[in-house]
Every structure is written in C-alpha cells, then in structure tokens.
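K.L.:
Got a structure for you, written out below as structure tokens; questions coming shortly.
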Amino acid sequence: MKITANNPTRKSWLKVSKNSDFPIQNIPFGVFLTKENITTIGTRIGNYAIDLGALHQLGYFSEIPLTDDIFMQDSLNDFISDGRKTWRLVRNRIAAIFDSNNTELQSNKKDLKIIVFNLDDVEMLLPVNIGDYTDFFASKEHATNTGTMFRDPENALLPNWLHLPVGYHGRASSIVVSETAIYRPKGQTIPKDSKIPVFGPTRLLDFELEMAFITTDVNHLGESISIDEAEDYIFGMVLFNDWSARDIQKWEYVPLGPFLGKSFASTISPWIVTMDALEPFRTKSPRQEPNPLPYLQQSGKHAFDIKLQAAIKPEGEEETIVSNSNFKYMYWTMNQQLVHHTTNGCNVRSGDMMGSGTISGPTPDSYGSMLELSWRGTKPVKLNNGSERKFINDFDEVIMRAYCENDNIRIGFGTCKGKILPTK
Ligand code: MN
C-alpha cells in the first residue's frame, strides 16, 4: 500500500510554520487530555492537536475497518496491535482530511470545534501502556568510551560486543512523559578508597541521549522472527532520556547489570513518529566487522538519519547545547535488536519499548552523556551562563531534540524535557 501521507508537496489548511517538526507529512500519534478532561488518542499538525476519537465518532474514518472505540482510549496499544496496514490507512486518511484542497472538515465549523485544539490547551500523556522495556548498548563509540574509562583502553569492547546487540531488561513503570519532574534518586555508593558503602542522594546524576522504538505484537512465546520481517513489527519511535545515577550504577552493576542506578526514571517525548513517516530518511548503518552470525545479517539501508541534540538549562537561565549526535551512528540496527530479542522465544508485545542505548558520535561534541562529555568529571562542560557541569545539578532541565531533514521536508520529534528536583 502506498504511503500517500508522505507526499512532500502536500500542504495543509492548518497553519504550519516553516521549521516545525510537525508538517502534514509527519502525522505522529499521541495521547492527550483535553480542557474538558477527556483523554483521547490524537495527532498533531503544526501547533494543533487533533482529536482522533472525535474525528472517528463523526464518521471521518468510515471507509477504514476500525472498532468504534479504537481512538477513545488512554493508550495506543490496541491501535498499534491492529498492524501496519491499519496505521497506513489511518495516516493516509488524516493527510487527505487536512490537505489544503479538501474542505470536508475545513468548512465544517461545528466539527472543527470538537476536533482541532491549540496545543497549549491539551496536556500530553504517556502514549503507550509500556508492558516491557529493554535498553540496548548499541553505539560503538559509547561502548568504547565507557570501556576505555572503566576498564582497559586496549580492550575497550568486551568480546561479545561485536557479535550481538548487548541489552538489559529495564523498568517500564518509571517511564514518564516529557515535562514530568524527576527527583534526584538516593542509594548506595562506595566512597573513593573505601570498602564500606554510604547511603544518600546520587552525586553523579546523568542523562543518556537515546531513541526508543515501540513494537506491535511480534511473536508468540517460543517463536522467533527473522531479520527480513523485523521491520513490519516496529510502529514508530520517540526520543528517550535514560536518566542514570553513575555512582549508584558503578557500585551495584556487577554481576547482573544495571538496576537502581537506572530504574528511578526515564523520560520519553510524547509523540510517536511512525516508521512510515521516517521512510525518506533511511540511510546505511556502519559497516559491521566481523560479519555477525547469519540470523543477524541484513543488506540495504536500515539506519535512519535523525539529528539529535541535548541541552542543559539551569533554572531561570538560557539553555546550552552540550551534544549534537545522530541516530545513524548506531552500530546495531533496530531490526537486529528486535530479531536478537526474540531468538530465545521471548515474546514481544504491542506497546513494548526498546531503547537504543546512549547514542554517541565519533567526536567529543557528539557524546550522548555527561559521563563522556565531561570524561568522568575530569573535563567540566562550560555553560553559557559561565557555570560548569560535570553532571546534572538540582533544578537543571535537560532538553533533547530530534529531527530529520532533506531538501523537501523536516520530520521531527519535538522535545523530551525533564527537570531535576532535590531528593524527596
Ligand atoms: Mn541507556
């Protein structure tokens, strides 16, 4: 089925500013609360939030086989479960309704009032009920940097790293939507030159610049999928800040991996940008040497050129951009991650989320965490207000942005923001 929603020449009758992340070619999916306290599934064009529940109820999707309440829900899980054909039909139809040549809704004042809101008048909620969350460690630069810092520069990558996408099972309950305040976590840490741990607020609070993908129902327990079909199961992506307490992490992580140093919170951007919308931004991923085992081999373009940015904004001050990275640097692709995840027969379900792992580029200004940017605190990062940061302070806000751009269009993710408050 053709993705007519991606037509780069299409214009909308809704006003969209030139540098918007959300032109009519994007059509992401999210969940929001209206002024009337109604929770609904919606999309966004420019700075307008569009109520898909109301649009469906008023008959605008009558040609598409959808259950009556598919959009009148507090999560996208059921819609995502309907599969790629439905996602495409719905995006194509939304594009047609808001096309500047189409007057059916544009000229219907009564319907318009029920369907289209100013973005400022709605409150964004978590878009999916995340059943399970897995985080990978898939940027070679990030793995090399951390391996160099904590182990051995000569053998920065552990022997398994080039053969499989390393990951761990994270905590889904503490994934929050952008603009949710984060309390500085407390826990056990080990003071330098001591064998006895102490308990208190983390002193090394960090962000991790990541993207995450959201799946539909992938496999039944005991089954696995092949690399050729992996793409069919990926619905879309969000920005992902995998907050990390480095001192807690360092003391607890051997031998079973990350635990409380990670599980206190992760922040996602509210709009899920579909893989269909990202189609024009496919690119080649880094060459894999040695060649991975056959079940992980793929040819063609399976990376995406998504520009990434992280900024720190101290309270009442302007922000400072501290990192410019790109999703295309990922060594392991999302397809490889998903295939590897199912090889043992573990079932992946609609609404599951997989984090890419910190996305660091090849140069120091493209590192995706303060751990790397300040090189473990040895090179403080200068902010525009004259202050310095090794890690994140109380009342600092971390702002992440992501967008794709070519000569015709810009498709973006908006922002993923979180402000650190003192320990509760
Ligand atoms: Mn992470």
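The values are calculated or read from the model by the stated rules, or taken from the named source; none is laboratory data. The structure displayed is predicted, hence computed values, not measured ones. No Cβ is skipped: glycine too gets one built from the backbone with ideal geometry, and neighbour counts run over all protein chains shown. For the accessible areas, the whole protein counts, side chains as well, though only heavy atoms, and no ligand, DNA or RNA atoms are used. Shrake-Rupley method; radii C 1.70, N 1.55, O 1.52, S 1.80 Å.
K.L.:
Carbon and sulfur: what percent of the chain's accessible surface (1.4 Å probe)? If you can, show how the numbers build up before the last one.
P.N.:
Numbers: 9520 of 19020 Å².
The computed percentage sits at 50.
K.L.:
Under 5 Å between amide hydrogens, which residues at least 5 positions from S266 or on another chain qualify, with H placed 1.01 Å from N in the peptide plane?
P.N.:
I175, V176
K.L.:
Which whole-Hz couplings ³J(HN,Hα) result when phi for each residue of the range 299-305 is put into the Karplus expression 6.51 cos²θ - 1.76 cosθ + 1.60, θ = phi - 60°, listed in order with x for Gly and Pro?
P.N.:
10, x, 9, 10, 9, 10, 7
K.L.:
So what is the accessible area of the chain per residue, in Å², with the probe set to 1.4 Å? Don't jump to the answer; show the numbers that get you there.
P.N.:
On the way: 19020 Å² over 424 residues.
Accessible area per residue: 45 Å².
K.L.:
Okay, next question. What's the percent breakdown of Cα-Cα distances in the chain across 10 Å bins, shortest bin first?
P.N.:
4, 22, 32, 25, 13, 4, 1, 0
K.L.:
Which angle from 0 to 90°, rounded to the nearest 10, does the C-alpha axis of helix 140-150 make with the longest principal axis of the chain?
P.N.:
Helix 140-150 and the main axis of the chain meet at about 30 degrees.
K.L.:
Could you rank the peptides 113-120, 84-91, 135-142, 206-213 by their average count of other C-beta atoms within 10 Å per residue, with the highest value first? Show your work: numbers first, answer last.
P.N.:
Details: 113-120: 14.6, 84-91: 19.0, 135-142: 24.2, 206-213: 27.0.
For the peptides 113-120, 84-91, 135-142, 206-213, the packing ranking is 206-213, 135-142, 84-91, 113-120.
K.L.:
What is the Cα radius of gyration of the range 139-236 over 2.2 N^0.38 Å, N being its residue count?
P.N.:
1.49
K.L.:
Return the ratio Rg/(2.2 N^0.38 Å) for the range 1-104, where Rg is computed over Cα atoms only.
P.N.:
Details: Rg = 13.2 Å, N = 104, 2.2 N^0.38 = 12.8 Å.
Rounded to two decimals, the normalised Rg is 1.03.
K.L.:
Pick from F391, F61, F327: which is most flexible by mean-square fluctuation in a GNM of the chain where alpha carbon atoms under 10 Å apart are linked?
P.N.:
Taking springs between Cα atoms under 10 Å, the residue moving most is F61.
K.L.:
For the range 370-378, in order, what is each residue's ³J(HN,Hα) by Karplus, 6.51 cos²θ - 1.76 cosθ + 1.60 with θ = phi - 60°, in whole Hz (x at glycine and Pro)?
P.N.:
Once θ is set to phi - 60°, the couplings for the range 370-378 become 5, 3, 7, 4, 9, 6, 6, x, 7 Hz.
K.L.:
Now a separate question. Please state the relative contact order of the range 133-421 as a whole percent: Cα pairs under 8 Å, 6+ residues apart? Could the numbers behind the result be given before it?
P.N.:
Numbers: 703 pairs, mean separation 78.7, N = 289.
Once normalised by length, the contact order is 27 percent.
K.L.:
Something else about it: Once amide H atoms are built 1.01 Å from N in the peptide plane, which residues 5 or more positions from Q73, or in another chain, come under 5 Å H to H?
P.N.:
Excluding prolines and chain starts, which carry no amide H, the hits are I41.
K.L.:
Would you kindly calculate the mean projected area, averaged across all directions, of the convex hull enclosing the Cα atoms of the range 211-330, in square nanometres? Walk me through the numbers on the way to the answer.
P.N.:
Values: hull surface 44.0 nm².
Seen from a random direction, the Cα hull of the range 211-330 projects 11.0 nm² on average.
K.L.:
Step through the residues of the range 313-329 one at a time and calculate ³J(HN,Hα) from phi using the Karplus curve (6.51 cos²θ - 1.76 cosθ + 1.60, θ = phi - 60°), rounding each to whole Hz and writing x for Gly and Pro.
P.N.:
Result, rounded to whole Hz: 10, x, 4, x, 10, 6, 7, 10, 6, 9, 8, 10, 10, 8, 5, 5, 6.
K.L.:
Which aspartates and glutamates have a Cα less than 14 Å from the Cα of K262, not counting those fewer than 8 places away in the same chain?
P.N.:
Those aspartates and glutamates meeting the cut-off are D135, D206, E208, E210, D242, D247, E252.
K.L.:
By how many degrees, between 0 and 90 and to the nearest 10, does the Cα long axis of helix 84-97 differ from the longest principal axis of the chain?
P.N.:
Taking Cα atoms only, the helix is inclined about 60 degrees.
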